Amino acid sequence: MKQKRQPIWTRIEWKTKNNKDPQWGPFKDAIIGHLLRQEALSYHVIHGGNHDIVNAHSKTHGPSWRMVVSLEKGGVKAWGVYPGGQSGNPGSPYYNNMIEPWTKARYFKMNFVSSAGMLTAGQYTTKLTVAK
């Protein structure tokens with residue numbers, strides 16, 4: 001069954017309900033939805049942007065990965081962020097830990113290594129082999 005869309009609020013209705021002038025982020029009421037489309041596992045976020053601009057985030061759709069890369073003579077430098085968290089488990093503290101940095105465009109430095117010997121403590125590799 002298809003859900004009915006809620007009517008779009010006008011600026012005056014929003015101002016009356018919230019008792020202040022609207023700003024785009026709260027007015028748009030963006031949602032980072034769970035893949036199962038479960039409201040309880042989704043998040044409302046205050047985030048600017050629109051579907052047709054560089055900061056491409058509409059009410060329900062946006063980039064799941066943002067990255068800035070600098071190709072330099074000394075090597076690649078990069079920073080990235082994504083919405084959500086690392087675990088995928090709603091009971092984990094890492095389920096939603098990246099939502100706030102993503103909404104505030106706070107990027108994290110990424111490390112590029114060319115060999116396993118360059119990894120530092122706390123970094124691991126995973127080797128996948130084909131089962132026989």
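Scanning the stretch 1-46 for residues that are modelled with pLDDT of 80 or more and under 14 Å from the mean Cα position of the chain (by Cα) turns up Ala30, Ile31, Ile32, Gly33, Ser42, Tyr43, His44, Val45, Ile46. Taken over the stretch 62-98, the criterion of being of a type in the set (A, V, I, L, M, F, W, C) and within 13 Å of Tyr43 (Cβ to Cβ) is satisfied by Met98 alone.
Suppose the filter is surrounded by 13 or more Cβ atoms within 10 Å (Cβ to Cβ) and in contact with a Phe, Trp or Tyr (Cβ under 7 Å, 6 or more places away or on another chain); does Asn96 pass it? Considered against the rule, which asks whether it is surrounded by 13 or more Cβ atoms within 10 Å (Cβ to Cβ) and in contact with a Phe, Trp or Tyr (Cβ under 7 Å, 6 or more places away or on another chain), Asn96 comes out as yes.
Please go through the stretch 99-112 and pick out each residue that is farther than 20 Å from Gly33 by Cα, surrounded by 10 or more Cβ atoms within 10 Å (Cβ to Cβ) and out of contact with any Ser or Thr (no Cβ under 9 Å at 6 or more places or on another chain). Before the answer, list the steps.
As a first pass, look at the stretch 99-112 and keep what is farther than 20 Å from Gly33 by Cα: 106-112.
From what's left, surrounded by 10 or more Cβ atoms within 10 Å (Cβ to Cβ): 106-108, 110-112.
Of everything in the stretch 99-112, those that are farther than 20 Å from Gly33 by Cα, surrounded by 10 or more Cβ atoms within 10 Å (Cβ to Cβ) and out of contact with any Ser or Thr (no Cβ under 9 Å at 6 or more places or on another chain) turn out to be Arg106, Tyr107, Phe108, Met110, Phe112.
Taken over the stretch 27-72, the criterion of being assigned to a strand (DSSP E or B), in contact (Cβ under 8 Å) with a residue 12 or more places away in the chain, in the same structural domain as Thr16 (by TED's automatic domain parsing) and hydrophobic (A, V, I, L, M, F, W, C) is satisfied by Ala30, Ile31, Ile32, Val45. If you check Trp102 against the conditions, is it under 19 Å from Gly25 (Cα atoms), outside any loop (DSSP other than H, G, I, E, B) and not assigned by TED's automatic domain parsing to the domain that holds Gly25? Judged against the criteria, Trp102 is a match.
Of the residues making up the stretch 76-91, those that are modelled with pLDDT of 85 or more and small (Gly, Ala, Ser) number 2.
The values are calculated or read from the model by the stated rules, or taken from the named source; none is laboratory data. Please read these numbers as outputs of a predicted model, since none were measured by experiment. We place every Cβ from the backbone using ideal geometry, glycine too, and count neighbours over all the protein chains shown.
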